[in-house]
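Chemist: The structure that follows is given in the form of structure tokens.
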Amino acid sequence: MNIYVGNLPYSTDRDELKSTFGAFGEVSTARIVTDRESGKSKGFGFVEMPNDNEARQAIEELNGKEIGGRKAVVNEARPREERPRGNFGGERRGGFGGGDGGSRW
């Protein structure tokens, strides 16, 4: 099960996240989401636990609990929505609209 972990202190690292969830069972991956340009933490991450029962127990026990001095938001991660790339906002048409230009008089 993939678990979302939010409201983390920016100082939290992958190893700390893995050990926190490791108390409930096997953790296959743990990652902190970072800003692409600065490389700094965005304050949330994801933990993958292969055993759903252990994952549910971790969610139940850790949601609202303090991790690094902040109350963590912990829940089952939603699947990532596919976002269209490139063409932002669908069709765009230029110009000043239709019409035949009309008569000046």
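Chemist: How about segment 51-76: which of its residues are at pLDDT below 95 and part of a loop (DSSP other than H, G, I, E, B)?
Modeler: Within segment 51-76, G68, G69 meet the criteria.
Chemist: With the checklist (1) closer than 13 Å to V5 by Cα; (2) at pLDDT 95 or above; (3) part of a loop (DSSP other than H, G, I, E, B) in hand, flag the one item V33 doesn't pass.
Modeler: Against the list (1) closer than 13 Å to V5 by Cα; (2) at pLDDT 95 or above; (3) part of a loop (DSSP other than H, G, I, E, B), V33 comes up short only on (3).
Conditions tested, residue by residue: (1) under 21 Å from P79 (Cα atoms); (2) in contact (Cβ under 8 Å) with a residue 60 or more places away in the chain; (3) in contact with a helix residue (DSSP H, G or I) (Cβ under 7 Å, 6 or more places away or on another chain).
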site	(1), (2), (3)
L8	yes, yes, no
D15	no, no, no
A23	no, no, no
V27	yes, no, yes
D35	yes, no, no
G45	yes, no, yes
E54	yes, no, no
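Chemist: So, one more: Do you know which residues across segment 15-30 are assigned to a helix (DSSP H, G or I) and either over 11 Å from I3 (Cα atoms) or among the hydroxyl-bearing types (S, T, Y) (or both)?
Modeler: Step one: list which residues in segment 15-30 are assigned to a helix (DSSP H, G or I), which gives 15-22.
Result: D15, E16, L17, K18, S19, T20, G22.
Chemist: So, in segment 56-84, of the ones that are more than 18 Å from S11 (Cβ to Cβ), in contact (Cβ under 8 Å) with a residue 12 or more places away in the chain and among the basic types (K, R), which residue ends up surrounded by the most Cβ atoms within 10 Å (Cβ to Cβ)?
Modeler: Looking at the filtered set, the residue picked out is R56.
Chemist: Does at least one position in segment 41-50 carry a residue that is loosely packed, with under 15 Cβ neighbours inside 10 Å, modelled with pLDDT of 95 or more and outside any strand (DSSP E or B)?
Modeler: Step one: filter segment 41-50 for residues loosely packed, with under 15 Cβ neighbours inside 10 Å, giving 42, 50.
Then keep just the ones that are modelled with pLDDT of 95 or more; that gives 42, 50.
Retained after the next criterion (residues that are outside any strand (DSSP E or B)): 50.
Yes, the conditions are met somewhere in segment 41-50.
The values are calculated or read from the model by the stated rules, or taken from the named source; none is laboratory data. For clarity, every value in this text was computed on a predicted model and none was experimentally measured. Cβ: placed from backbone, ideal geometry, glycine included. Neighbour counts: every protein chain shown.
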